[in-house]
Amino acid sequence: MTLIVGVRYLLVSGGFAWATGRRHRGLYAGLDAQVRREIGWSLLSAAIYGVPAGIVMWGWRERGWTRIYTDIDARPLWWLPVSVLLFLLAHDAWFYWTHRWMHRPGPFRLAHAVHHASRPPTAWAAMAFHPLEALSGAVIIPLLVFVIPIHLGALGVVLGVMTVMGVTNHMGWEVFPAWMWRGRLGGWLITASHHQRHHERYGCNYGLYFRFWDRLCGTDGGVGDFAKAHAQAARRGLAEDGGGDGGLSAAGRGDAGRAA
């Protein structure tokens, strides 16, 4: 399971990092040392995530533990999307409150500062956690399979959503269409635009998938501004190239401004 989590991280983060290089050239310019740290912390987190996942999968297959099922007819078809939604809602609530707690001075200095050392975060930062923070995130899905019945395929959907959202929320640009994150739907869903504000201000936007808890608790700070991060990337590129455009063409700079 550790190998699966690690390879999944490398493939998804690597894919979105490549897409970033194609869409916004130079956005990660000058961040090579930071990216190496992000990959190192993330692979350590993968090892931690794999332990409870491996125990649960062994218990499911060898001992019949958990409420995971494989027979599609064991429950009504409508339960498939409902179970996925319940998992995401429960995971989001767990993430909001543990994440908010980790922004208290003691836990932040001890653990969460590792994640916020990425300035700005990149697609490689999705799992860049201190081991204590990784442990808090690694237990929730394995615990939920003992409580909520879920088909194995639906569980795969949950893990896929978790992986993709974790990566895209840290890329430094918005992969989803504007009608989604700027419209009514974006008022309730978290994408990179919302999480960018958390990395700008720290004291807001603690959720993972949904803005429900942030809205309810008064911690929703709205969406962030990518223009500043893109401008910083352009300056880093200029410094590296000694006055060149740092790989960010005039068209690219126009894209950076529009990304706000």
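The values are calculated or read from the model by the stated rules, or taken from the named source; none is laboratory data. This is a predicted model, so every value here is computed, not measured. A quick note on method: Cβ atoms are made from the backbone with ideal geometry, for glycine too, and the neighbour counts reach across all protein chains shown. The protein model used for the area step is the full one, side chains on, heavy atoms only, and it has no ligands, DNA or RNA in it. Shrake-Rupley method; radii C 1.70, N 1.55, O 1.52, S 1.80 Å.
Before moving on, here are some points about what is shown:
- Selection count, the stretch 101-152, where residues are assigned to a helix (DSSP H, G or I), open to solvent by less than 40 Å² (accessible area, probe 1.4 Å) and within 30 Å of Asp73 (Cβ to Cβ): 4
- Pair list, Cβ under 9 Å, 6 or more apart: the stretch 11-35 residue in contact (Cβ under 8 Å) with a residue 12 or more places away in the chain and at positive phi, other residue among the small types (Gly, Ala, Ser) and open to solvent by 30 Å² or more (accessible area, probe 1.4 Å): Gly26/Ser249; Gly30/Ala239
- Among the residues of the stretch 62-79, those identified as under 29 Å from the mean Cα position of the chain (by Cα) and not in a loop (DSSP other than H, G, I, E, B) are Ile68, Tyr69, Trp79.
- Among residues of the stretch 61-94, those that are open to solvent by less than 70 Å² (accessible area, probe 1.4 Å), hydroxyl-bearing (Ser, Thr, Tyr) and touching a Leu at 6+ places or on another chain (Cβ under 8 Å), counted: 1
- All positions within the stretch 1-45 that are of a type in the set (D, E, K, R) and either over 17 Å from the mean Cα position of the chain (by Cα) or not in a helix (DSSP H, G or I) (or both): Arg22, Arg23, Arg25, Asp32, Arg36
- Pairing residues of the stretch 123-145 that are among the acidic types (Asp, Glu) with residues that are assigned to a loop (DSSP other than H, G, I, E, B) and crowded, with 22+ Cβ neighbours inside 10 Å, at Cβ distances under 7 Å and at least 6 apart in sequence or on separate chains, gives Glu133/Met102.
- The one condition in (1) outside any helix (DSSP H, G or I); (2) without any contact (Cβ under 8 Å) to a residue 12 or more places away in the chain; (3) among the β-branched types (Val, Ile, Thr) that Val82 fails to fulfil: (1)
- Selection count where residues are of a type in the set (Phe, Trp, Tyr) and under 29 Å from Glu133 (Cβ atoms), scope the stretch 48-86: 4
- If the condition is being surrounded by 16 or more Cβ atoms within 10 Å (Cβ to Cβ) and in a helix (DSSP H, G or I), then the stretch 207-230 contributes Phe212, Trp213, Asp214, Phe226, Ala229, His230.
- Some residue of the stretch 157-164 being of a type in the set (Val, Ile, Thr), farther than 24 Å from Phe16 by Cα and surrounded by fewer than 20 Cβ atoms within 10 Å (Cβ to Cβ): no
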